Structure formats: structure tokens, C-alpha cells
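Quick note: the coordinates plus some simple rules give every number you see, no bench work behind them. As the structure is a computational prediction, the values presented were derived from the model and not from experiment. All Cβ positions, even for glycine, are placed from backbone atoms using ideal geometry, and neighbour counts span all protein chains on display.
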Number of protein chains: 2
Amino acid sequence: MKTLIMFILFFLYMLFCSSIECNNNHIPHPLDPLTPSEFNLIRTIILKSYKTNLTFHYIGLHEPDKHLIKSWLSSNSKTKSLQTPPRQAFIIARFQKQSLEIIVDFSTHSIISTKIYKGQGYPMLTFGEQTIASELIFSYKPFKDSLNKREINISNVLCATFTTGWFGTEERTKGTVKVKCYYNNDDSANLYVRPLEGFAAVVDLDEMKIVSYSDRYVIPVPKAEGTEYRASKMKPPFGPKLKGIGVSQHDGPGFTIEGHSVSWANWVFHVGFDIKAGPIISLASIYDLEKQKYREVLYKGFISEVFVPYQDPTEEWYYTTYFDCGEYGFGQSMSSLQRFTDCPANAVFIDAYYSGSDGVPVKIPNAFCIFEKYAGDIMWRHTEIAIPNEVITEVRSDVSLIVRAVSTVGNYDYVIDWEFKPSGSIKVEVGLTGILGIKAGTYTNTDQIKEDIYGTLLADNTIGVYHDHFFTYYLDLDIDGEANSFVKTNLETVKVKDHKILRKSYWTIVKETAKTEGDARVNIGFKPSELVVVNPNKKTKQGNTIGYRLLPGPILHPLLVNDDYPQIRGAFTNYNVWVTPYNKSEKWAGGLYVDHSRGDDTLAVWSLRDREIENKDIVLWHTMGFHHVPSQEDFPVMPTLSGGFELRPTNFFERNPVLKTKSPKSIHWPNCTSQH
Amino acid sequence: MKTLIMFILFFLYMLFCSSIECNNNHIPHPLDPLTPSEFNLIRTIILKSYKTNLTFHYIGLHEPDKHLIKSWLSSNSKTKSLQTPPRQAFIIARFQKQSLEIIVDFSTHSIISTKIYKGQGYPMLTFGEQTIASELIFSYKPFKDSLNKREINISNVLCATFTTGWFGTEERTKGTVKVKCYYNNDDSANLYVRPLEGFAAVVDLDEMKIVSYSDRYVIPVPKAEGTEYRASKMKPPFGPKLKGIGVSQHDGPGFTIEGHSVSWANWVFHVGFDIKAGPIISLASIYDLEKQKYREVLYKGFISEVFVPYQDPTEEWYYTTYFDCGEYGFGQSMSSLQRFTDCPANAVFIDAYYSGSDGVPVKIPNAFCIFEKYAGDIMWRHTEIAIPNEVITEVRSDVSLIVRAVSTVGNYDYVIDWEFKPSGSIKVEVGLTGILGIKAGTYTNTDQIKEDIYGTLLADNTIGVYHDHFFTYYLDLDIDGEANSFVKTNLETVKVKDHKILRKSYWTIVKETAKTEGDARVNIGFKPSELVVVNPNKKTKQGNTIGYRLLPGPILHPLLVNDDYPQIRGAFTNYNVWVTPYNKSEKWAGGLYVDHSRGDDTLAVWSLRDREIENKDIVLWHTMGFHHVPSQEDFPVMPTLSGGFELRPTNFFERNPVLKTKSPKSIHWPNCTSQH
């Protein structure tokens, strides 16, 4: 009888659910990003109180407390929907020249908290206000005069807004942006390499009016020739030629996606989205074949801030010190990914939604792609020839799972990859491509240059300005549980005193557990050290402390002096590694209000409290990046420059966790019917 | 009439040549590795003079002078075979306890030079003498006593030879190796994790007899359980499971191989082989679409030495400081690669040949594989949303060409990749996998350890000894010609003095051209600097000096004191970068006779001459690697740990060289007939 009922239920399920629909009908995950209907609900609820004269600068999930998430996660599937933590949103809006922080609760359909922010700094710019501010200038007389003076047709001009930071003024900073313009015509879509240098407007975003304007000098506009990057607009010869290549998965993809939850090989994790951070990886756990259970690795990881200071101190450029997350929004800047080029044929795509400045949801189609990467790498191998009469060769080929997003902040495109490996490693990579920040100049050859031009002459009248890219990652590792410690395993030379020993020296390890935040600030590269997050309460059978170590990414140290204003605001880059105790409110390394910030709400300031971090729920912050001296190859569009770090299990498993994995079937497909 | 003759010639060509045969009948390249018939010829010629009591330690191509190679290369195909430089071999052999250096000329079938080497040190070990030395011990009474004392059946013992370096003795060092043994039975093929610790023999290789023996202590043999790595010998459960995945190339591979010359996309290069170095990449040139010609990048690149000092100073381990090229031969240690696992389905394989100690050629089938890598990476991209009413997205997906070899030196497997990218980059990567160097110990849990055990307790009685891997690459860059300079582009902070400027600081570049070798020694990580090899005689149209820069690999600095004997021998690792003037005889960073060497023929010594290197044919030497603190995950076989460096064009091209490339067709193949 029971069987019959089961069968009928299954039959009804099959009847009403296509697999896709039923995947959409999964139990909502408490970390799922806000949905279009939730954005609409927020808008309705808030506009009821504030009418229309309010702009939304940030709307994101107001995350439930960690213990609620974890108890929801461990609850069984029947009671899961009952145990779902209350779902809420956190909103920053501008209203009557004030920043409001509002929490909306979805179950009660109400505002449950409102706070007026009194500190310095402004929330993330919205696309809405940027568009209006850029358009203002077109009806501004002095701007028209500037164009006339240069004999430029106004229809060939496009303008954009630029954050201007803070440079030591005592009085309250107004919420202003600079508006600078580019030449645009059919000759080239590459407007960023054709700046109209010498004039700029300052717009007050609250007043939405031009508050100052300067036209300091006239300089040639770099020419269009050689700047186009659209294949459809280029003339032959094309090349180098690359033959067709693709990935085949005869048995379909190895991963499953339910909503935003991904399961692949020995990994499970959740892919979230935030308008400011972009991709958020949460609750990454790995299945331990020996212990026969999933074990926690990463509670949450995301790019907390991207600091891009340019190195030209002159009037037109000195303020160009972007904070791409806090000022421009790495999430709202995400581009729709293209199948076959941004992601291979075997990718699956996920959309993202954010709120426009009017609160209306905006869709980014194909914002994420998820695919299995098969690059021909070797997972592990050994050839043994020492055993008589046999040659043993055992090789496992490697496959990994990539979660990709691309954030295009104006000119630059950042490829953001999270890679999960069956061996337990999480590799995190950023690729830099897109278009350089270009300054117009009078020079056409380096012979003419007698002074510092703060950049590389890339083409006639075209200077690629020196700059840095600092990527600061938030990594809330929960290594096999929440209570973790940060250990520096220092490699130290020992000089041999014993004359019976023929070596004069060797190295050994000296472990140093960080007691407080001050102990955990590390500048990488000066001292050989393995940086490990351990669970001091858990040991392997052999007695080694369970951990994951950081193999750092490309390391850079700030070159600005510490008391320079951009560096005060970007002080979270002063160390490559920081560790803080978990604090729900400490998410943004550059602060919550980064535009015009004064550096009083950064990781560097929080860390000064020197809190205890031993055997606690801790967060690891890692900054990697590049100093960028542009070269002619980076023009007119940059070949990708990549770098990344690895989180690698270190005595987390009792042994190699892929010892008993088998290579995926790698099949040669000579006879295929293609399908584009 | 002319057309008719051409047609007849073409017809005859098609008649007599299958494409494969004619590929094999290509004009021999002067850098092609020695062929089996050449090895046989060498053997015949030399044994005529020296009879059989001579052992061959090194036989390699005696390379023609660079100018001969280059004029051959630039000669047209008709006269090419006439201009082939004289083909010769360089041989190091042991004869009557002396090292002979012999040059054989193939055209005259004669020895054209013989030299007796009088210095310290011994040539590379041969497999032949290692086998005999390891077997000697089995008929040695004290060894049998050692086994009896331990109740070990002699049939379960396998022994291997270990180089022992030099530790300060004044008198002439004898050509000895240590013989140490491992337990081997059907329970596990993993002999290296089951050392028979406490006893060892010393064998004089010239005398081929045991000259000393010690049995110092008895210690348990680590157990077999959990050490097996052959899937066929393991019991379920297997996992994690990976679904089948493969690469499809509907139109076939994009590269062509003629003999050892490879042509792909915009690259041409030659893949050579040497018994000591392994893979040798030569004459890598890139096609410049604008200049419509191939331009030189890398005259020659190979791994010159691999230094692996272990960090256990005790009697049984202090001497364990391997030089994997100079002592063991990275080339003769190359393993046959397996299709589908070592290399993907779309790989093409090349065999290699070396000479055994008797002079008879030995084949390594499938020693190299060459394949197009399609990892889902983005070559470059940009999304433009600033232009009204259109969204532009241009993306090019990346494909690169990999040349791979694996060198298995006893327990360790090194995956050696050379990657060519259409954007002009050459990426060089090493992957470390295989089996750790294991020491037996009495411990089963870290709780019991009260002293330094110089390693990590990985399993019961199993210690993974701390060690380093230093990879020193020889990179004879000829950037658009031979005369090159080495420039450090230093990034330096400028403090702003002008109070009208609101920034307090910025960075700029200060270029420093190395005049002599002393100026070019660099320890990376302490100072931000781009390291560039330029052609000071060539500039771009814009006036920038043409160059390639080194994006360094994982950086490590020696932790042994400078006057420690292994570090004197490995002094070429004292800097991460050295530059020397090209000198045909300076190929081996650790010297030509590395076994028992005293450090008098290393890169560090040559560099002391402080020769001029500005605007000269120069060689860049780069050392990267890893300090290795083993973790339990590395046991019983290591998941690959990878790292590499990049040679990237820097003002070599006038603009992005892949601006006008099109993405390879990436096709989804749902309907395929498979073929294993």
C-alpha cells in the first residue's frame, strides 16, 4: 500500500514538474540573493513611508546570524522549511541629503529598523545618478564653450563620473563626483582611449547640479586608428588563427545546481550575489571519504574591496584612486557572460538581480557561469621502475569546478574565478583585462619626453597611467568548525653546533599562534612562513592539528606613504594578511561608506582594537594584486593578466583525499554531429 | 610548361610520400637530439679505441655555434641541407678511474677531441652502475646480518643508490654512493614510504665494491596499510567520482610537428632532449602580424639544475641534498607519458632516446606530449555600456600550446610544462607530485615527540622530511636579435613637495640597466621591480625599447648558511635571477661534474668574473621553487603542487598581438560516437 502511494506521489511529481521547474521550486536557501519580487516588495514598503524622493544605493540580504544558518543547514529536509531563519533585507538609501540604513522584514512586510548615518562618506554610486550627472553637463554653457574651443561636435562626446576621494579637508565633504568626457564616433568604440583631457565638471549628487567647472588646457584627442576592438569593424588580415576546440561531456555535467546551491564531486557550496561584492561563496564543505561526512571549510568568501590608485599627481588625475567595490559596486558592474567565449560550451549560467536607484529590480542575465575545467592537468602521478620486472605508472587527470563572474568597472574587466579541486584546494583567481586608464598627452615619441609623464606612451598622444590593483578578499574560514586559530609556521635556519655533524645548518619550523589581531598582520615575502588557519580543537589520528593553509597570490605592498590620503582610506592594503574575530558588521575592508571616506571604518582601524583571535571564529583577509606599468601590448585592449591564491588542506585529511579517485573518462570523439 | 613540371613534381611527391613518411623525411634540424643510429655510431667509434671497459655517463649533442644555427635557419629550403652545420656529439665517459671528455664527429666518423678531466666531482650517475651498486649489497654478509637482526626476508628488500655530496674534506673525494634499502612486498608498491632505516652501505663506483657499511640502530618499518596507490589494488569505496570529460577538435590539431620542430598559431620552436636537462626548447619565434615576419624570443630554455636539500642533519640524512639534473639526470629520468591521464586525448607524443652506460640507445616512448590547452580561459574581453542604445561585448577565448614531460627521479615526479600563448607569453610551470622522501621513526603520535624530528609525522613510524625544491632555468633570450640588455624597472615612491598638489606621494619607475653581472643578481620579493630583457637597439614606433619581462615563479631563498657545504655546491640558488654573457660552455648552473662537486664550477662562480652584459648576447637564469613542509595530504602520494613563471612581451609588439585574433570555434558536441 505504502509503495503504491509512493508511486502515485512520484507519478504526480513527474506529471507536474519538469526538472527545471522543480529545481526552481527547491527549498529557498537563507543565503539566496534577493529575488525580483523581494526587491519589488522592499520598494513598495519603503516608498509607502518615503514617497519617491528617495534613492536606493544598496539593497542586499540582511544575513541571518551564523548559528541560525548552521542550525537550518543541519536540520533535516522535512523540518527545513519551518526552521528557515527570518528573511530580511538591508538597505542604504539617500533621503533629504541623509544616508538611511533600513532593515525590511519580509515575513511581516515591514520596516523593522531605520537609522540615520551621521559619519563621513557616501554610499556606493548608483547607475541612475551617474547617468543623470553625466548628462547634466550637456546643457552647461561653459562645457559647450570648451567643446567649441576644441572644435568638437557635442554629438561625439560621452561623459562619465569619477569618484574623487578625500584629501585632508576638515569640513564635511559633499557628495560630489567629477565628470570627465571622451570622444566617441563610428571610427572606434574604444572611448576610454580617447579622453578629452583638460576640462572637468564637479557635480553635487544630492543637489544634482554642477558646482564647479574648470577648463585648464587644450590637448590633442588621441586618434581612433588602431583602437577598435570589435572584430566586425576590423579589416583583414586576422590572426593568429586558432582551430576549433571544445569540451565534451558525454554523460553530462558532473555538478548539480539547485537554486544557488552547487554540488560537485566532493564539494557542496552556495553561490550568492551582492550588488557591492559581486560573487559570494558560502558554506563550502568537502566530503571526507574516510570520515564519511561533509566537513566545513569556508563559511563565506568574497572580494571585499578593490583599491586602484593611479600614480599621476597632477590636477586632472591625482584623485583617481578608485575603490571598485565601495564606490562603483563590483556586483552591479557584473557583465552578462557569453557562452563559448567567456565560458566554455559546457557551462551552466545563473542570472543575478540588483536594485536600481529607483528600487526596481534589474536583471543581469548569465551573471555567473559554472563549468567543469579540464585543462589537461595531472592530479597526481607516480612511475615506479625500482620493482624488478614491472613498471608501475598510476596517473589521475585533474578536473575542477569553476564559478566565474566578470565585473566591468568602466574601462577595466575583472574575471573572478573560484575554483574547487577534488584534492580539497580552493583556488581563487582574478584576471585583468579590458581597457587601460588613458591620459591624453602631446607626445608621439618617447624622444620628446623630458619630464615624468606618470605612465607609458602607448600610441600617439596616448599615455597609459601607472596604477595598482589591490584585491582584498574576505575569507571566513571555518576549518572543521567555527573555533579556529591562525598559525604562522615559520621556517627558521638552525646553525649546527655539534662538530660530529657534517652539515653546518638546516631549517626547521617554529609555529607561532596569533593570540591577538596584532600578531596576525603579515607582509608576505620577507620571511619564509606557511600561513595556516587551524582548528586547535581537532587533530588527525597522528596528532597533527587540522588546518588549511594560504598559498598567497601575487604579492604587492603599497608604495604610497602611509599618511597619504588615498592610503589612509586604503589602509587595509598595508598588510597582505590580517585576521579578525568574526563580527557580522565587519564585511567591507574599506568601510560601508567608501565614497569620500576618511579611512575611519577600515579593516586597519578595526584591527587596532587588537582583539583576541585564538580558538575563536575568525576571518582571514588576504590582499593580492599587481603594480601595473602599462606596455604597448596592453593597448587598445589588454591580454588577460592573471594571478591567484590557493587555500590548501594541510593535515585536514588523514591522507591524500584523492588517493582513491579515478580519472574521469577522457574520450576522443572523432565522429560528432555539432550543435552550435 | 613550368606549370606542367610543377604538377608532375607534385604528383611524384604525392605518390612517394605519405604525409607521415615525408614528415619523417624532413630536413634534419641541427638541434635535433641524437638518434639511435647516432648513438650506435658513437659507441662503435669509441669502443674501437677504448674496448669495453669504459662507461658512458653523458652523451649529448655537441651543439654547433649559435651563428651557424642562425645562418642555417635563415638559409632557404633549397640550400638548407648544404648549410647544415657539422653534427657532433659530446661524451663524458669513465675509463680507468678518469673522466674523459670526447667529441665525436659524425661526418668523419671519428673522435676529434679527447680531454681528461682533472677537477673534482663526478659525472651523472648511470642507471647501469646504480643497478649494479644496489645489487652488490645482496651478497654482502653484514647486510644479511642486518636483515636477520630485523627478521626481514631478503626477498622483500629493494635497494637504491644515493649521492652523498661533499662535506669539506680536503683530500680527493672518491666516486661513492650510499646504498639504502626499502621494504617491498605485495601489500604495497609504495616502497619509498617503507624505508629500512638505520643501516647503509657505501659503494665505490669505480671499484664497484662496498667500501664501508654501518648498522647503527633498529627501527620499525612503517606498515603497508594505506600506502598503496594502484587503483587495481584498492578496495571500494572509490571517490570522489568525476564524470567523463574530453577535448574535441573537429578540424584536427592546430599545430604541425616536423621532426622536432613545432609550428602553432603564431609560434614556431624546436623541442630537443638532453639526458641531463630533459626537455630543451630552442629557437622560439613569434609571428608579428604587423611586421609580417617571425621575430626571435628564446634561443634556448631548459631546466639547468634542480637542487633538493633535505633538512635533517642526522647521520642517516645529512648528505641528502640532491642535484636532480647533475647527479641523476632529468632527461634519463623522464617517464613515458600516458594518453588520457598524463596528457589529454588530443595530445601528440614524441619519443626520446638516451644512451645507456654501455652506449646502447634506450628509448623513452612518449617522452613528450604536445597538445592544445583549452581551459575555458579568457584571452581578452571588454563589455561597453557607456555608448547609448548599444551594449558591446567582445571576448576572445584562450587556447595555448603545451609541451609536457615528466621526470621521475626515484620517488618524486616533476611535471614540466612549457606553454606558448598567442598573446606572446611563454609560461613555464613545474608540478610536484609522486612520493615524499620518508624517514622511519618510532613515533605514532605527535604527543610522543619531544625533540625535533626534522619533518612531519604522516602516519605511524612515518616522517616526511622537510626539504626544498629549487628549479634553476637557463633562459637564453634573444629578444628580436642577440644583443640584449637586462633592465630593472624599479618602482619607487616619490614624496610630493609641491603644496599645490593634494597627493602626498605617488610611485614612478626608475630604469636601471645592468652593466655587469654583479648588477644583475636579484633576490626577488624585497623591492618592487619589473625585470626586463630588452633589445636596446630596437624601439617601437612610439620609442619604447623592445623587451620581454619575467613575471617570476614562486620565490624562495636558501635557508642554509652560505658556507654550508651543500649551499656552496648549490650557490646558484643564492639569487633568484642572474644574468651572464652567453658562453657556450656555461650551461649547467651546478657544474658539469656535480656528483661530489665542491662548488667551483657553478653559476655563482662564473658570475664573480663580473663580465659586461650590456647590449650583449646574454642568458637569464631564474630560480623558483618551494620550501616543502609535508602534510598528511601528501601521503602516500602527493596531489600536484604547481608553480611557474611567465615571460611576457613588454613593448615587444606595437600593440596587443591578439587584437585581431578570433576565438576558436567552441562547439558543443552532444551526438558523438566515442573511440577509446
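Which one, A:Val203, A:Gly175, A:Val218, projects farthest toward the positive side of the charge dipole computed for region A:175-231 from Cβ point charges (K/R +1, D/E -1)?
A:Val218
Going by average Cβ density within 10 Å per residue, which order do the peptides B:369-375, B:225-231 take, highest to lowest?
Taking the mean over residues of other Cβ atoms within 10 Å, the ranking is B:369-375, B:225-231.
Which whole number gives the average count of other chain Cβ atoms within 10 Å of the Cβ atoms across peptide B:416-425?
Taking all residues of B:416-425 together, the mean is 2.
Give me the inter-chain shielding for B:558-566: mean count of other chain Cβ atoms within 10 Å, whole number please.
Average per residue, whole number: 5.
On a 0 to 90° scale, report how tilted helix B:127-136 is relative to the longest principal axis of chain B, with both axes built from alpha carbons and the result rounded to the nearest 10.
Computed tilt is about 10 degrees.
How big is the C-alpha Rg of the protein assembly as shown next to the rule-of-thumb value 2.2 N^0.38 Å, as a ratio?
Dividing the Cα radius of gyration by 2.2 N^0.38 Å gives 0.95.
Calculated FRET efficiency, A:Leu82 and A:Ser37, Cβ-Cβ r, R0 22 Å, to nearest 0.05?
0.55
What is the local net charge at B:Val409, summed over the other residues whose Cβ is closer than 11 Å to its Cβ (Lys, Arg +1; Asp, Glu -1)?
-3
What length, rounded to one decimal in nm, is gained on full extension from B:Thr108 through to B:Ile392, with 0.36 nm per residue of separation minus their alpha-carbon distance?
95.6 nm
Explain nothing, just compute: Karplus ³J(HN,Hα) = 6.51 cos²θ - 1.76 cosθ + 1.60, θ = phi - 60°, for every residue of region B:580-593 in order, whole Hz, x for Gly and Pro.
3J(HN,Hα) across region B:580-593, in whole Hz: 10, x, 4, 8, 3, 8, 9, 10, 10, 4, x, x, 7, 10.
Size of the dipole of the protein assembly as shown about the Cα centre, Lys and Arg at +1 and Asp and Glu at -1 on the beta carbon, nothing else charged, in debye to 20?
It works out to roughly 960 debye.
Along the charge dipole of the protein assembly as shown, Cβ charges K/R +1 and D/E -1, which of B:Ile103, B:Ala93, A:Pro657 sits furthest on the positive end?
The listed residue farthest towards the positive side: A:Pro657.
Please give the charge dipole size of region B:255-650, origin at the Cα centre, charges +1 on K and R Cβ atoms and -1 on D and E Cβ atoms. Round to the nearest 20 debye.
Once rounded to the nearest 20, the dipole reads 1740 debye.
Starting from a label point 7 Å past Cα on the Cβ side, list the distances from B:Gln83 to the same position in the other copies, nm, shortest first.
Once sorted, the set of distances for B:Gln83 reads 7.8 nm.
Could you give me the radius of gyration and the Dmax of region B:127-233, taking only the C-alpha atoms into account and expressing both in angstrom?
Every Cα atom of region B:127-233 included, Rg and Dmax give 15.0, 52 Å.
Taking θ as phi - 60°, what are the ³J(HN,Hα) couplings along region A:275-287 by the Karplus curve (6.51, -1.76, 1.60), each to the nearest whole Hz, with x for Gly and Pro?
4, 8, 8, x, x, 10, 9, 10, 6, 6, 10, 10, 7
Average partner chain C-beta neighbours within 10 Å, per residue of B:331-342?
Per-residue shielding by partner chains comes out at 5.
Amide H neighbours of A:Ile280 under 5 Å, at least 5 residues apart or on other chains, H built in the peptide plane: list them.
It is A:Gly272, A:Phe273, A:Asp274, by chain and number.
Once the label point is placed 7 Å from Cα along Cβ, list for A:Pro388 the distances to the corresponding points in the other copies, in nm, shortest first.
Spelled out, the distances from A:Pro388's label point are 8.7 nm.
Rule-of-thumb check for region A:290-384: C-alpha Rg over 2.2 N^0.38 Å?
1.64
Quick one: which residues, 5+ away or cross-chain, put their amide H under 5 Å from the amide H of A:Thr462? H built at 1.01 Å from N.
Amide H neighbours of A:Thr462, under 5 Å, 5+ apart: A:Gly441.
Between the label point of A:Gly481 and that of the same position in each other copy, find the distances and list them shortest first in nm, with every label point placed 7 Å from Cα along the Cα-to-C-beta direction.
Copy-to-copy label distances at A:Gly481, shortest first: 6.8 nm.
Can you give the relative contact order of chain B as a percent, counting alpha carbon pairs under 8 Å and 6+ residues apart?
RCO, chain B: 13 percent.
Helix A:2-16 versus the longest principal axis of chain A: what angle, 0 to 90°, nearest 10, using Cα atoms?
20 degrees
So what are the radius of gyration and Dmax for the Cα set of region A:348-493, in Å?
24.2, 76
Report, as a whole number in µm² per second, the diffusion coefficient that Stokes-Einstein gives for region A:302-356 at 20 °C and 1.002 mPa s using the Kirkwood radius over alpha carbon pairs.
153 µm²/s
Check A:Ser642: other-chain or 5+ apart residues with amide H under 5 Å from its amide H, H built from backbone geometry?
Amide H neighbours of A:Ser642: A:Leu432.
Using Cα pairs under 8 angstrom and six or more residues apart, how large is the relative contact order of region B:15-154, in percent?
RCO, region B:15-154: 19 percent.
7 Å from Cα along Cα→Cβ at both B:Asp452 and A:Lys363: what's the point-to-point distance in nm?
Between B:Asp452 and A:Lys363, the simple spin-label model gives 6.4 nm.
How long are the semi-axes of the ellipsoid equivalent to region A:86-137, from square roots of 5 times the Cα gyration tensor eigenvalues, in whole Å, largest first?
Ellipsoid semi-axes (Å, largest first): 27, 14, 8.
Quick check: pseudo-label points 7 Å beyond the Cα along Cα→Cβ at B:Asn615 and A:Phe138, how many nm apart are they?
About 5.5 nm separates the two model spin labels.
Expressed as a whole number of Å, what is the distance separating the alpha-carbon centroids of region A:391-457 and region A:84-114?
37 Å
Between A:Ser74 and B:Asp215, with labels modelled 7 Å along Cα→Cβ, what's the label distance in nm to one decimal, could you check?
Between A:Ser74 and B:Asp215, the simple spin-label model gives 5.6 nm.
Label region A:26-117 by shape, choosing from rounded, prolate and oblate, from the square roots a ≥ b ≥ c of the eigenvalues of the Cα gyration tensor; if a/c is under 1.5 it is rounded, and otherwise prolate applies when a/b is larger than b/c, oblate when it is not.
Prolate shape, in that a/c is at least 1.5 and a/b is the bigger ratio.
For chain B, find the longest principal axis of its Cα atoms and tell me its angle to the long axis of helix B:36-50, 0 to 90°, nearest 10.
Roughly 50 degrees, rounded to the nearest 10.
Could you tell me the calculated FRET efficiency between A:Thr52 and A:Asn583, based on Cβ-Cβ distance and R0 = 41 angstrom, to the nearest 0.05?
0.70
From the phi angles alone, apply the Karplus equation (6.51, -1.76, 1.60; θ = phi - 60°) to region A:461-466 and give each ³J(HN,Hα) in whole Hz, x where the residue is Gly or Pro.
After applying 6.51 cos²θ - 1.76 cosθ + 1.60, I find 6, 10, 10, x, 6, 4 Hz.
Once you sort the root eigenvalues of the Cα gyration tensor of chain A as a ≥ b ≥ c, which label holds: rounded (a/c under 1.5), prolate (a/b larger than b/c) or oblate (the other case)?
Here chain A falls in the rounded category.
Run the dipole for region A:235-343 about the Cα centre, Lys and Arg Cβ at +1, Asp and Glu Cβ at -1, nothing else charged, and hand back the magnitude in debye, nearest 20.
That gives a dipole near 620 debye.
Is the C-alpha gyration tensor of region B:470-591 telling us rounded, prolate or oblate? Criteria: a/c under 1.5 is rounded; beyond that, a/b larger than b/c is prolate, otherwise oblate.
Cα axes put region B:470-591 in the oblate bin.
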